[in-house]
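The block underneath contains the structure these notes are about, expressed in structure tokens.
The values are calculated or read from the model by the stated rules, or taken from the named source; none is laboratory data. If you're wondering where the values come from, they're calculated on a predicted model, not measured in any experiment. Don't worry about glycine lacking a Cβ; one is built from the backbone with ideal geometry, like all the others, and counts go over all protein chains shown.
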Amino acid sequence: MADPSSIASAPYFGAMSDHHIDVVRRGIEAFNRGDWDATLELCAEDIVWIPLIQAVDGQQVLIGRDVLRKAWVAQREALGGDAFGVEPRQIQDLGAGTVLVHMRVTGQGISSGVPIDLDYVQLWTIRDGLVARVDKYGSVADALADCGVTG
């Protein structure tokens, strides 16, 4: 059996890990700019996204690039325009195409004026170099447990 430290330091492991983290970082940066084209280029055509905040039209599961774009545009408009954004607090490649992202969301309700400042966790699934799925969790422990990692 291979020493786990030798596997973690193998060039292919690091290169893939760096690629997955880069996809997540680029996606978040483009999202915060409101550059939906650049964000969606990083997503599979059949992406499945479980949002933290239910879509404005009531959808709890978003499937496909077009649906995702419409939800993001409506969400940004409802939650403060340029004041709405996400900040990754932690990005960790868990292997097998799974990336854990501890996220902070900030904004302000346009009609209510209520400020938004929420922490939550996402598991991003990367398939063939593209984001195939994003699931939300209330805590890092919940996300890790769901993907079979114990802490």
Determine which single condition T39 fails, assuming it passes every other condition in (1) within 22 Å of D146 (Cβ to Cβ); (2) at pLDDT 95 or above; (3) within 14 Å of the chain's Cα centre (by Cα). (1)
Would segment 134-147 turn up any residue that is of a type in the set (V, I, T), in contact (Cβ under 8 Å) with a residue 12 or more places away in the chain and under 25 Å from D82 (Cα atoms)? yes
Members of segment 99-122 found to be within 13 Å of I28 (Cβ to Cβ), touching an Asp or Glu at 6+ places or on another chain (Cβ under 8 Å) and either surrounded by 18 or more Cβ atoms within 10 Å (Cβ to Cβ) or hydrophobic (A, V, I, L, M, F, W, C) (or both), listed by number: V99, H102, M103, V105, Q122
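One line per residue, one yes/no per condition, for (1) outside any strand (DSSP E or B); (2) over 13 Å from V23 (Cα atoms):
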residue: Q92; (1), (2): no, no
residue: V105; (1), (2): no, yes
residue: S111; (1), (2): yes, yes
residue: Q122; (1), (2): no, yes
residue: I126; (1), (2): no, no
For segment 130-145, does any single residue satisfy the condition of being at negative phi, over 17 Å from the mean Cα position of the chain (by Cα) and not in a strand (DSSP E or B)? yes
Please verify whether segment 29-44 includes one or more residues that are hydrophobic (A, V, I, L, M, F, W, C) and surrounded by fewer than 17 Cβ atoms within 10 Å (Cβ to Cβ). yes
Check L100, L79 and return the single one that is closer than 22 Å to D135 by Cβ and in contact with a helix residue (DSSP H, G or I) (Cβ under 8 Å, 6 or more places away or on another chain). L100
Every residue from segment 36-86 that is touching a Ser or Thr at 6+ places or on another chain (Cβ under 9 Å) and assigned to a helix (DSSP H, G or I): L68, R69, W72, A78, A83
Among residues of segment 65-89 being buried (at least 16 other Cβ atoms within 10 Å of the Cβ) and of a type in the set (G, A, S), the residue farthest from D46 (Cα to Cα) is G80
